[in-house]
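Values in this text are rule-based calculations from the coordinates and carry no lab data. Quick caveat, the model's predicted, so the values are computed rather than measured. When we count neighbours, we look across all protein chains shown, and the Cβ atoms used for this are built from the backbone with ideal geometry, even at glycine.
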Amino acid sequence: MADDTMNSLSDWFNASQIKRSLFQNEEFRLYQLKKSWEMIVGPVLARESYVASAKGTTLIVRVTNAPFLHALTTMKGDILKRLKETEYGKRFTDVRFYAGSPKKKSDDVPLSLSAIDTQLEKYRRLYTEKLTEEEIDYLSCWTESHIPDDRLRPLIQKLMKISWEYRKSELKAGWHPCEDCGTLVPPEETLCDMCRSRREKKKLAETARLLLDAPHLQYADVKNLTGCDYSVYERAREVLMNRFREDIFRKADVPLNKRRLLSLLIHKPMKEITFRDAADVLTKLPQTKFSQE
Ligand SMILES: [Zn+2]
């Protein structure tokens, strides 16, 4: 009976989309290439650039600024040669470098200056408030009594004046304190960028921890337990999927990680998946040079 169950699970798995997405997964290979970028360009350039995407036979790389972009462009031949040493990298006949991070949905279009101009114009319109005579007097008295250094005092006074004017402008435009830290944020926001990103990271970690113990959970269950939104759930699954696959490659706890991976993929509780089920279903995972590093 165990064999019957195993066969049907195997058959079903072989016919399913999941198998395709797991074994012929370009995304995973690109992910491994992203992680190996440092081995290709060295630590210094890897800190200033990252593999953004693959468009057919062209690899798209984002670079933090122009000097590094220039350095990478001059190394293009070498980079292609090193890519060709690997199974996945062989397909690339060109590497394109772009400065800055991509705009949504336009991975291969360089950023224009108009976005920066629009932002500057927004600032010019927002920060219009000036300090009153009284406020300037107050600031002078305060710095006189608190900053003994004559050379530093004018500079600090100037910075405080600017920051006070910014604050007045923001309050006038309806800005209010961030829920977590009190920094002023625009009326339509509840959190500042830093606090939002901190909360998102925390939620992602919490969701991933939950899924590590119970990889089979569907979105509705996870939402009830952690209150995460769908994109966080998907990201947590992706993080774990890559982690299990990497552990399997590195031959760490292979039977357990195969069960976890299968449970995550088919939403079946771990206790209903035997080591043999997992071993038989996940017989062959793609191998690349990167994975053996
Ligand atoms: Zn905040």
Among the listed pairs Lys35/Lys223; Lys34/Lys122; Lys55/Lys223; Lys203/Lys268, those beyond 27 Å (Cα-Cα): Lys35/Lys223; Lys34/Lys122; Lys55/Lys223
For Phe244, Phe28, order by how many other beta-carbon atoms lie within 10 Å, fewest first: Phe28, Phe244
Lys, Arg +1 and Asp, Glu -1 on Cβ, resulting dipole of the range 33-103 about Cα centre, debye, nearest 20: 220
Two-site FRET efficiency, Thr190 against Asp221, from Cβ-Cβ distance with R₀ of 45 Å, rounded to 0.05: 0.95
Likely footprinting exposure, Lys90, Lys35, Lys251, fewest C-beta neighbours within 10 Å first: Lys251, Lys90, Lys35
Filter on Lys76/Lys258; Lys84/Lys251; Lys76/Lys202 - keep pairs with C-alpha separation over 32 Å: Lys76/Lys258; Lys76/Lys202
